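A short write-up of the structure that comes next.
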């Protein structure tokens, strides 16, 4: 997924499973992840029950929506406020790639989520870490209507 842009990420490359719904002689139609590598790749700091839930909940990602052309206009680009939650211990998207994405299109604010795997980290973010959610939502509430 991001491995070509991120340099060498052997774990991501090992985890990728390309699916060929139109036959092996045609380009892949979706990507899936090897369930046995999910813990190390995406949930390296999550409890076992969360890894188990994720492994039965995750589905292949079809390429069609990802490959559709996205049109951004000068007039509308930036009209939606952007925030980024940086995950420095993420094994799927290395911190260097995250920093590159942030620099390519700077968000209004960057939050750093340390010490959590992806699944539990974002569930906890919504349920328990008001220090992230409240400042963002508070700023949105205080924003004057256009």
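Here are the numbers:
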{"quantity": "Residue list for region 84-99, restricted to those being touching a residue at least 24 places away in the same chain (Cβ under 8 Å) and surrounded by 14 or more Cβ atoms within 10 Å (Cβ to Cβ)", "calculated": "84, 85, 86, 87, 89, 90, 91, 92, 93, 94, 97"}
{"quantity": "Scope region 93-118; condition part of a loop (DSSP other than H, G, I, E, B) and modelled with pLDDT of 80 or more; matching residues", "calculated": "93, 94, 105, 106, 107, 108"}
{"quantity": "Residue in region 13-24 that is modelled with pLDDT of 85 or more, closer than 27 Å to residue 113 by Cβ and either out of contact with any strand residue (DSSP E or B) (no Cβ under 7 Å at 6 or more places or on another chain) or exposed (fewer than 14 other Cβ atoms within 10 Å of the Cβ) (or both) present", "calculated": "yes"}
{"quantity": "Any hit, region 41-48, residues being surrounded by 14 or more Cβ atoms within 10 Å (Cβ to Cβ), in a helix (DSSP H, G or I) and modelled with pLDDT under 90", "calculated": "yes"}
{"quantity": "So residue 132, is it modelled with pLDDT under 75, surrounded by 11 or more Cβ atoms within 10 Å (Cβ to Cβ), closer than 30 Å to residue 35 by Cβ and in contact with a strand residue (DSSP E or B) (Cβ under 8 Å, 6 or more places away or on another chain)", "calculated": "yes"}
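The values are calculated or read from the model by the stated rules, or taken from the named source; none is laboratory data. Everything numeric in this text was worked out from a predicted model, so none of it was measured. Every residue, glycine among them, receives a Cβ derived from its backbone with ideal geometry; neighbour counts consider all protein chains shown.
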